[in-house]
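The values are calculated or read from the model by the stated rules, or taken from the named source; none is laboratory data. Given the structure is predicted, the values throughout are model-derived calculations rather than measurements. Reconstructed Cβ throughout: ideal geometry from the backbone, glycine too, with neighbour counts over all protein chains shown. These accessible areas exclude ligands, DNA and RNA; they are computed on the full protein's heavy atoms, side chains included. Shrake-Rupley method; radii C 1.70, N 1.55, O 1.52, S 1.80 Å.
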Amino acid sequence: MALLQVQDLCVTLNTAHGPQEVISHINFSMEAGDKMGIVGESGCGKSITALALMSLLPRDSQTRGKIILEGRDILKLNSNKICSIRGNRIGMIFQEPMTALNPVKQIGAQVSESIYLHLKLTRKQTLERVSELMDKVGLPVSKFGLNLYPHQLSGGQRQRVMIAMAIACNPEILIADEPTTALDVTVQEQILDLIRDLADSSGMALIIISHDLGVIAQTAENVMVMYTGQSVEMGSTMDVFQNMSHPYTYGLFSAIPHVGSSVQLDRKRLNSIPGQVPELHLRPRGCNFADRCSRALKICKDKEPMATRVADHHQVWCYHPLTCEDKK
Amino acid sequence: MFRTLVEILRHGLKNRSFIIGGSISLLFFLVAFLSYFWTPYPVEDINIADKLLLPSAEYLLGTDHFGRDILSMLIKGAGNSVIVAFVAIGIGIGCGVPLGLTAAAKKGWMDELIMRFNDFTFAFPSLISAIMITAILGPGSINSIIAIGIFNIPVFARVARGAALSIWKREFILAARSAGKGRFKISVEHILPNISSMLIVQTTIQFALGILAEAGLSYLGLGTQPPMPSWGKMLNEAQTFMNFAPQLAIYPGLAIALTVMGLNLFGDGLRDVLDPKLRRSR
């Protein structure tokens, strides 16, 4: 049985234009040790998906579908049971290490909190566990001390503290929501390595959310490309990146600037995807990408596409997927 | 903890209202503390022969119409004010802060219930409601403490709720929730430390208001009862002798005004010192 199965997840949020479905029909499943990436542009529902997995969405939102963690549907649990899952079974790392730590509490106290809460260790055991964690994330207690406040640390160090907090109780699943977006590139590399190593050594399943295709390529084995709250392409990272089939995925890739490529040398404009993401209340009837897609057919505008298999473990939601010849 | 205090002091000494207000408040608390151990003369001693004396070496601020030493009465009155204001603030914080935190944490009907009840209490001017309460419970210092305490509750509830609501939106609260903490635990462990500076500032302001309210109630004869001296009662008694012994009214009046001003200045200074954003812009 899969560790985590997400079946037909739909999320409706209250917006200025009334309730709108921001996540529609997301499906995926993970085994222990899997590393999955979720990629897409801002506002495509990556973070909402993560928050839905933690049941941390606003109270006036509705979540439908199933999120099955080891046979139990999280969405059907009461709030006490969910609290015992959060932090204990699923850990989460946030995007902004500057704001995701409590500014008035010492880092040692912040790391030890969930250990107290879930593992019910004695004071001494907790302290040992905390220093073990700090060693793991590269902030050895001998050098950094547990009585520092967040403002005394750099962004990268704070993110390390966040990671220590997230893995404090050895969760089965670690969700990293844009863990490196707020960090500079050199630190980004170290933090990604750290997350990957931690996941490898403890057998945690990792869900890494990013808009950065490079981050996904480095860390994830499988990837789900999201657009307007739907998955448009899903498969192993190798397959998807080398053999991308959805015009949107292709568009994302062509928008990456390459150092030394003709784009830079010729000072040509970067490639971009024409048009804009349709607003929530103006979503078309058919494929949400149809209006921006150069390959759109008539059916694209009329009917939502279904999943099509491109290869083993590689699906695409498109009526007119790209083939190898199209990309040349 | 000690380091934090030193840090606050270090920044505070650059702030004029912190220094002035702080020294006045400190003096007031020292005098109040002193009153429990020593006053120049016992305040219950009536010595009609020495009545209505002007300041002299023997009686530094003179005597009142019963021949009691004014300085001793002022000192004792400070002690009395502190106790009343202190306990009343305790009631206000003890009930108001949990109510405000609950309102912010639960939202929905609980929030409505607490805040509408607050509005209801707020609708009565504080002194009027204090008079009402002492009128129901009977005059006396304990009842005036309860009365002042009750009108402190909505103030603290409102400040705590407002501050807590803005903290609840912060990302580290989401992080705390993702660590599996319930609303109660988050309120105590994360919200409270983050709103404490605001509560401390409010405390100094409410303290000043409490002293003022106590003086007001005693002035009306609803607060502290004789023979215990109180600033408000001294003012009331001085009224009769206003024409030929105006100093009797000036001393307690000055004491009230100075203390309230000192505490308010201290509160202002403390807010500037505790709020890092204000500190940086200076």
Is it the case, given these coordinates, that A:G37 is within 11 Å of chain B (Cβ to nearest Cβ), more than 24 Å from A:H281 (Cβ to Cβ) and assigned to a strand (DSSP E or B)?
no
Would you call A:L139 more than 14 Å from chain B (Cβ to nearest Cβ), assigned to a helix (DSSP H, G or I), open to solvent by less than 40 Å² (accessible area, probe 1.4 Å) and not small (G, A, S)?
no
Answer yes if at least one residue in segment B:63-80 is β-branched (V, I, T) and either without any contact (Cβ under 8 Å) to a residue 12 or more places away in the chain or not in a helix (DSSP H, G or I) (or both), and no otherwise.
yes
In segment B:9-23, what count of residues is obtained for those that are open to solvent by 40 Å² or more (accessible area, probe 1.4 Å) and touching a Leu at 6+ places or on another chain (Cβ under 8 Å)?
2
B:V273 vs. criteria in contact with a helix residue (DSSP H, G or I) (Cβ under 7 Å, 6 or more places away or on another chain), open to solvent by less than 50 Å² (accessible area, probe 1.4 Å) and modelled with pLDDT under 90:
yes
Between a first residue in segment A:86-109 that is facing chain B (nearest Cβ under 7 Å) and without any contact (Cβ under 8 Å) to a residue 12 or more places away in the chain and a second residue that is assigned to a loop (DSSP other than H, G, I, E, B) and not hydrophobic (A, V, I, L, M, F, W, C), which pairs have beta carbons less than 7 Å apart while being 6 or more apart in sequence or on different chains?
A:T99/B:R170
Filtering segment B:99-133 down to residues that are surrounded by 17 or more Cβ atoms within 10 Å (Cβ to Cβ) and at pLDDT 90 or above yields B:L99, B:G100, B:L101, B:T102, B:A103, B:A104, B:A105, B:D111, B:I114, B:M115
Take the conditions under 29 Å from A:Q5 (Cα atoms), more than 14 Å from chain B (Cβ to nearest Cβ) and either open to solvent by less than 10 Å² (accessible area, probe 1.4 Å) or in contact (Cβ under 8 Å) with a residue 24 or more places away in the chain (or both) and apply them to A:I209. Does it pass?
no
Single residue of segment B:94-130 satisfying the filter (part of a helix (DSSP H, G or I) and within 14 Å of another protein chain (Cβ to nearest Cβ)) that is farthest from B:L192 (Cα to Cα)
B:W109
Looking only at segment A:270-328, which residues are charged (D, E, K, R), surrounded by fewer than 11 Cβ atoms within 10 Å (Cβ to Cβ) and closer than 22 Å to A:N27 by Cβ?
A:R285, A:R309, A:D312
Touching a residue at least 60 places away in the same chain (Cβ under 8 Å) and more than 30 Å from A:H320 (Cα to Cα) - does that describe any residue in segment A:186-195?
yes
Looking at the structure I just gave you, is A:V161 within 11 Å of another protein chain (Cβ to nearest Cβ) and of a type in the set (V, I, T)?
yes
In segment B:237-264, residue nearest to B:Q206 (Cα to Cα) [restricted to those that are open to solvent by 50 Å² or more (accessible area, probe 1.4 Å) and under 21 Å from the mean Cα position of the chain (by Cα)]:
B:N264
Scanning segment B:153-205 for residues that are under 24 Å from A:E113 (Cα atoms), under 28 Å from the mean Cα position of the chain (by Cα) and open to solvent by less than 30 Å² (accessible area, probe 1.4 Å) gives B:A160, B:A163, B:A164, B:I167, B:S187, B:H190, B:I191, B:N194, B:I195
The condition of being more than 30 Å from B:F207 (Cβ to Cβ) and not aromatic (F, W, Y) holds, among B:L30, B:L53, only for B:L53
Kindly check whether there is at least one residue in segment A:47-66 that is small (G, A, S), within 10 Å of chain B (Cβ to nearest Cβ), more than 18 Å from A:M162 (Cβ to Cβ) and not in a helix (DSSP H, G or I).
yes
Residue set B:S230, B:S196, B:S218; condition hydroxyl-bearing (S, T, Y) and within 13 Å of chain A (Cβ to nearest Cβ); output residue B:S196
Looking at A:S131, A:S112, which one is away from chain B (no Cβ under 14 Å) and in contact with a helix residue (DSSP H, G or I) (Cβ under 6 Å, 6 or more places away or on another chain)?
A:S131
